[in-house]
1. Near the amide H of TYR46, under 5 Å away, which other amide H atoms are found, from residues 5 or more places off or on another chain, if H is placed in the peptide plane?
2. Set Lys and Arg Cβ to +1 and Asp and Glu Cβ to -1, take the dipole of the chain about its Cα centre, and tell me which of THR147, VAL83, PRO60 lies farthest positive.
3. At q = 0.11, 0.15, 0.16 Å⁻¹, what log₁₀ I(q)/I(0) does the stretch 69-148 have when each alpha carbon counts as one equal point scatterer in the Debye sum?
4. Considering only protein heavy atoms and a probe of 1.4 Å, how much of the accessible area of the stretch 22-85 is carbon and sulfur, as a whole percent?
5. With a 1.4 Å probe and every protein chain left in place, work out the accessible area per residue of the stretch 91-134 in Å², rounded to a whole number.
6. What FRET efficiency comes out for the pair SER56/ASP25, r = Cβ-Cβ distance, R0 = 25 Å, nearest 0.05?
7. Using θ = phi - 60° and the Karplus form 6.51 cos²θ - 1.76 cosθ + 1.60, what ³J(HN,Hα) does each residue of the stretch 116-126 get, whole Hz, x for Gly and Pro?
8. About its Cα centre, what dipole magnitude does the stretch 34-105 give when the only charges are +1 on Lys and Arg Cβ and -1 on Asp and Glu Cβ, stated in debye to the nearest 20?
Amino acid sequence: MTLEADVRELRATVQYMKDRQDILDCITRNSRGNDRFNAELVASTYHPDGFHEVGSNPIPGPKYGEHANHAHGAMCDQNMHHVTMHSCEIDGNVAHAESYVIGLLLDKGGETSRILSGRYIDRLEKRNGEWRIVVRRATVEVVLEGTA
């Protein structure tokens, strides 16, 4: 291999690693915004034409933070999202990611709580140098309820 080929390979590897980290940062920024009831932070993770699927009801991504604030605020005093296993396939400026998430919800009044486990299934695009969500499907696969 020539020095030029080595440098090309190194640049491609670094770009791939940067893209993966930027994608994971976008996904965790979304959860951080939800946990802090910060609609602007959540909106910053979606492209203007992006959307979030809640069941069969798609919500415009830039408006999802407002929707989540209302839904979470109506049923719980506090919530925490933990993004765990994360896989990502990048093809140019398009990526498909699957991230496991564990949500902890302290119900109103603090006597009961729930743990939800599911996945974020995301299609992201890199536009103007920034990765954001175009489509998010969130699943809930396990729910545990009990005293807080």
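1. Close amide H contacts, sequence-distant or interchain: ILE133.
2. Checking the options against the dipole of the chain, the answer is PRO60.
3. Listed by q, the Debye log ratios stand at -0.38, -0.63, -0.69.
4. Values: 1780 of 3230 Å².
For the stretch 22-85, the apolar C and S fraction of the accessible surface comes to 55 percent.
5. Working: 2190 Å² over 44 residues.
Accessible surface, normalised per residue, equals 50 Å².
6. Working: r = 30 Å, r/R0 = 1.18.
Step by step, r from the Cβ atoms, then E = 0.25.
7. 10, 10, x, 9, 9, 10, 10, 10, 10, 10, 9
8. Details: 2 positive and 9 negative charges, 38 e Å.
With only Lys, Arg, Asp and Glu charged at Cβ, the dipole is about 180 debye.
The values are calculated or read from the model by the stated rules, or taken from the named source; none is laboratory data. Here the structure is a predicted model, which means the values were calculated and not measured. Don't worry about glycine lacking a Cβ; one is built from the backbone with ideal geometry, like all the others, and counts go over all protein chains shown. SASA here: full protein model, heavy atoms, side chains in, ligands and nucleic acids out. Shrake-Rupley method; radii C 1.70, N 1.55, O 1.52, S 1.80 Å.
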